[in-house]
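A.B. asks: Sharing a structure here in structure tokens format.
Since every read-out is calculated from the coordinates, none of them should be taken as a lab result. As the structure is a prediction and not an experimental result, all values here were calculated from the model. So basically every Cβ, Gly included, is an ideal-geometry build from the backbone, and we count neighbours across all protein chains shown.
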Amino acid sequence: MNLTDEQLKELDNPSLTENERVLLRCRVAADFIHKGQYEAAREALGGLWLGVGQRPAVSNLPPAIEAEVLLQCGTLTGWLGSARNVSGAQEQAKDMLSEAERKFRAQGMLSKASEAQYELGMCYWRLGAYDESRLVMREALKPLTGSDLDLKAKILIRRTLVEIWENRYYEALSILKEAEPVFNSAGDALKGRWHGQMALILIRLALIEGNTDYSDRAIIEFTAAIHHYEQAGHERYCATNLNNLAMTFYRLGRYKEAHESLDRAQLIFTKLKDAGNLAQVDETRARVLVAEKKYREADRILVGVIKTFEQGGESALLANALTLQGVVWARIGAFENSVNILRQAMEVAQDSGALARAGLAALTLIEEHGKTRRLSESDLVKVFTRADELLKGTQDAEDIIRLRACARIVVKRLSGLELRDKNFSFYSAVREYEARLIEQALAEAGGSVTRAARILGLTHQNLGYMLLKRHKNLADKRTPREKRLRSIIKETKE
């Protein structure tokens, strides 16, 4: 029998006051949440839990106990809302956690206020608002003392998660090393977190420094994390690390091993009815399938993934899936749909604050469509400039390599076709130069076809025909066509 089991039995103790019973329920729920056992946490809260996003009835409780109930219900709403893919859950969790933090602070309970802030930071992270997440977690660390080592360790681990998602790996490594002494003497659950985060950092550093030893170490660290989580009975986190291990195998081109790890993760998340994490496993599998050039199979999987992330409101994950869908559609020849969904991915990521994800979507748009006339030259320059700005703080070697390759694509397009180019065509070269001149004229004319035609020395009809037949990709550069009104004077028959 473990401590949680003993606490559950204690709930039946008739000598407990109502307030003591409420606090005990909160402690048991917190333990289950820490283990990733969200359904058990919901049951432990009993009547205090009214559902995902529902504020508990706590007005009759003392302020400190009221804050504790709000903390646990807000925390569970965040995690369970993500697992169940509940729309609006993160915003509702933020409301409860912010209220809990204010109440704890008013009671002088600063470490509890930090705990509420830490969970609030996780809500921001799930929404892709990384700057806000980072700021909140930094604030949460400030009042902690030597007696708050476990909480400090949890916050530091989650801060590394934010930095990893923003491709700031050296910052993440620095934070993790700061936390290492705490984890050396910790239990299996915290050790699992430390090893899992270290693995995530090592696999990216392997690309930055070109050191293959890091890749081998990352696999060892993921394996250690999975072992510790199994020992602690944390199935959900075990499956999360199996998904991360699969991503590592995918990056190393070991696709069979990637599928095996994904199969194990899928079984666990299916058992837990965790739709959100199942979608992440499916997204990883789609990446492996794309690498294997099984585009149709990847496309079928991504339809469900995108639907899940849209419902859950997890914008950063949605942007990743949309970007991958754009790649798939480009590879199967659905070019217009691919361009549109990659633009959507950029907007979704940037609107949520996931700037690096937006930058990667922009690079993908250039990689898949920049060499063709599916993107005009001015659009190509705009997309690259945007990617460069969004990725200015990245430490990811792969991102930098892609950025430079995209710069070469842009320069090549702007310099025009040359006789020695592969598949050179005189008529293609003329058409490309023609498109460049028409685009410049439309820009100078504010989109007016009539004025642009005058600048080019063409008739309105000729330019209109060229836009309709030869340069359809410039349609958005012109003002909408107006229907010509028929004469209101009827012709008389003789």
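A.B. asks: Please sort 456-465, 242-251 by packing, taking for each peptide the average over its residues of neighbouring beta carbons within 10 angstrom, highest first.
C.D. replies: 242-251, 456-465
A.B. asks: Which of the lysines could be linked to K412 by a straight reach, that is with a Cα gap under 16 Å, when you skip same-chain ones fewer than 8 residues away?
C.D. replies: Straight-distance partners of K412: K371, K382, K422.
A.B. asks: Could you give each residue of the stretch 124-129 its phi-based ³J(HN,Hα) in whole Hz, using Karplus coefficients 6.51, -1.76, 1.60 with θ = phi - 60°, and x for Gly or Pro?
C.D. replies: The phi angles translate into 4, 4, 4, 7, x, 8 Hz.
A.B. asks: Can I ask one more? Which of rounded, prolate, oblate describes the stretch 166-268, given a ≥ b ≥ c as roots of the alpha-carbon gyration tensor eigenvalues and a/c under 1.5 marking rounded, otherwise prolate only if a/b is larger than b/c?
C.D. replies: Working: a/c = 2.17, a/b = 1.02, b/c = 2.12.
Oblate, because a/c is 1.5 or more while a/b does not exceed b/c.
A.B. asks: May I pose another question? For the stretch 274-415, what does the relative contact order come out to in percent, with C-alpha contacts under 8 Å and a separation of six or more?
C.D. replies: On the way: 172 pairs, mean separation 24.4, N = 142.
RCO, the stretch 274-415: 17 percent.
A.B. asks: Also: Cross-link candidates for K94: which lysines have Cα within less than 17 Å, leaving aside residues fewer than 8 places away along the same chain?
C.D. replies: Result set, ordered by chain and number: K103, K112.
A.B. asks: Convert each backbone phi in the stretch 240-248 into a coupling constant with the Karplus relation 6.51 cos²θ - 1.76 cosθ + 1.60 (shift: θ = phi - 60°), then list the ³J(HN,Hα) values in order as whole Hz, x for Gly and Pro.
C.D. replies: So the Karplus estimates, Gly and Pro as x, are 4, 6, 5, 5, 5, 4, 4, 4, 5 Hz.
A.B. asks: Also, quick follow-up: Going by average Cβ density within 10 Å per residue, which order do the peptides 102-109, 215-222 take, highest to lowest?
C.D. replies: The peptides rank, most packed first, as 215-222, 102-109.
A.B. asks: Percent of Cα-Cα pairs more than 23 Å apart in the stretch 274-415, please. Show your work: numbers first, answer last.
C.D. replies: Working: 3190 of 10011 pairs.
Here the tail beyond 23 Å accounts for 32 percent of pairs.
A.B. asks: Still on this structure, please answer the following. Hey, what do the phi angles of the stretch 20-32 turn into as Karplus ³J(HN,Hα) couplings, whole Hz, using 6.51/-1.76/1.60 and θ = phi - 60°, x for Gly and Pro?
C.D. replies: These are the phi-based 3J(HN,Hα) values: 5, 5, 4, 4, 5, 4, 5, 5, 5, 4, 4, 5, 5 Hz.
A.B. asks: Remind me, relative contact order of the chain in percent, using alpha carbon pairs under 8 angstrom and six or more residues apart?
C.D. replies: Once divided by the residue count of the chain, the mean separation gives 10 percent.
A.B. asks: Provide the convex hull volume over Cα atoms per residue for the chain, in Å³.
C.D. replies: Numbers: hull volume 108.0 nm³, N = 494.
Value for the chain: 219 Å³ per residue.
A.B. asks: Output the relative contact order of the stretch 254-341, whole-number percent, from Cα pairs under 8 angstrom with separation of 6+ residues.
C.D. replies: Relative contact order for the stretch 254-341 comes out at 23 percent.
A.B. asks: Now a separate question. How would the stretch 1-144 be classified by its alpha-carbon gyration tensor: rounded, prolate or oblate, with rounded meaning a/c under 1.5 and the a/b versus b/c comparison settling the rest?
C.D. replies: prolate
A.B. asks: Sort the following peptides by mean Cβ neighbour count (other Cβ atoms within 10 Å, averaged over residues), highest first: 224-235, 367-378.
C.D. replies: The most tightly packed comes first, giving 224-235, 367-378.
A.B. asks: Still on this structure: Excluding same-chain residues fewer than 8 positions from K271, which lysines have a Cα within less than 25 Å of its Cα?
C.D. replies: Counting by Cα, and skipping residues close in sequence, K271 has these lysines nearby: K35, K191, K256, K307.
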